[in-house]
Amino acid sequence: MPPIFLHGLLLGLSLIVAIGAQNAFVLRQGLRREHVTPVVVLCALADAVLITAGVLGMARVIASHPGLAQIMAGAGAVFLAAYGWKALLRARHASRLQAAQGGGLSLGAALAQAAAFTLLNPHVYLDTVLLVGSIGAQHPPGLAQVSFIAGACTASVGWFTLLGFGARALAPVFARPRAWQVLDGIIGLTMLTLAALLLRHALAGA
């Protein structure tokens, strides 16, 4: 397995860097320079809570049922391989991230929309709670799991900060389909590599 913090960081980035409503909304707020800090903090904090709950929750499940460790590691490898393959398929087609349109928002409305884009998306629970949780729970309890959680949370904080505060500079890049094709290619290869490492971990523990 790669260094644990790096493992969490790479996995977090692979899952969060994608074209979607949440990222488009953060980009929009950044372009408008409107409530950027509260929106970035809310999105990153929500991810951190879900990631921590996922890892610690899955760790308790594995501690109660030791035989599940290899099963979950294998399932995590399959999930990552599938995600990686989908990213490589996306890399074959041109797409772009465009900021959502609309008028100015009050702070409450901006936070409500950010929360909705984050928490009402079913994929966030599959990604952060189930997938990240099951993979993070493979590491030994204590410092190792804390390091993994820190890496995954750093990915969220770094990405949302870059997206919100770097929106003016990044918007032209994100509007270019070629940039997303290259990014999806890198994400796909990263996920497939992590899947292979996780599968090796599962087989070694069998």
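The values are calculated or read from the model by the stated rules, or taken from the named source; none is laboratory data. Fair warning: this is a prediction, and the values are worked out from it, not measured in the lab. All Cβ positions, even for glycine, are placed from backbone atoms using ideal geometry, and neighbour counts span all protein chains on display.
The set of residues from region 94-111 being over 25 Å from Thr154 (Cβ atoms) and either of a type in the set (Val, Ile, Thr) or modelled with pLDDT of 80 or more (or both) comprises Leu105, Ser106, Leu107, Gly108, Ala109. Filter region 132-154 down to the residues that are surrounded by 24 or more Cβ atoms within 10 Å (Cβ to Cβ) and either among the small types (Gly, Ala, Ser) or without any contact (Cβ under 8 Å) to a residue 60 or more places away in the chain (or both) and list them by number. Hits for region 132-154 are Gly133, Ser134, Gly136, Ala137, Ala152. Scanning region 1-42 for residues that are more than 15 Å from the chain's Cα centre (by Cα) and assigned to a loop (DSSP other than H, G, I, E, B) returns Met1, Pro2, Pro3, Arg33, Glu34, His35. Remark: pairs (first residue in region 169-186, among the small types (Gly, Ala, Ser); second residue assigned to a helix (DSSP H, G or I); Cβ separation under 8 Å; 6+ apart in sequence or on different chains) = Ala171/Leu27; Ala171/Leu31; Ala179/Val173; Gly185/Ala87; Gly185/Leu88. Of the residues that make up region 83-91, is at least one part of a loop (DSSP other than H, G, I, E, B) and surrounded by 14 or more Cβ atoms within 10 Å (Cβ to Cβ)? Yes, there is a match, as at least one residue in region 83-91 is part of a loop (DSSP other than H, G, I, E, B) and surrounded by 14 or more Cβ atoms within 10 Å (Cβ to Cβ).
Does Ala114 satisfy the condition of being at pLDDT 90 or above and buried (at least 19 other Cβ atoms within 10 Å of the Cβ)? The answer is yes for Ala114. Among all residues of region 79-87, there is none that is modelled with pLDDT of 80 or more and over 21 Å from Gly12 (Cβ atoms).
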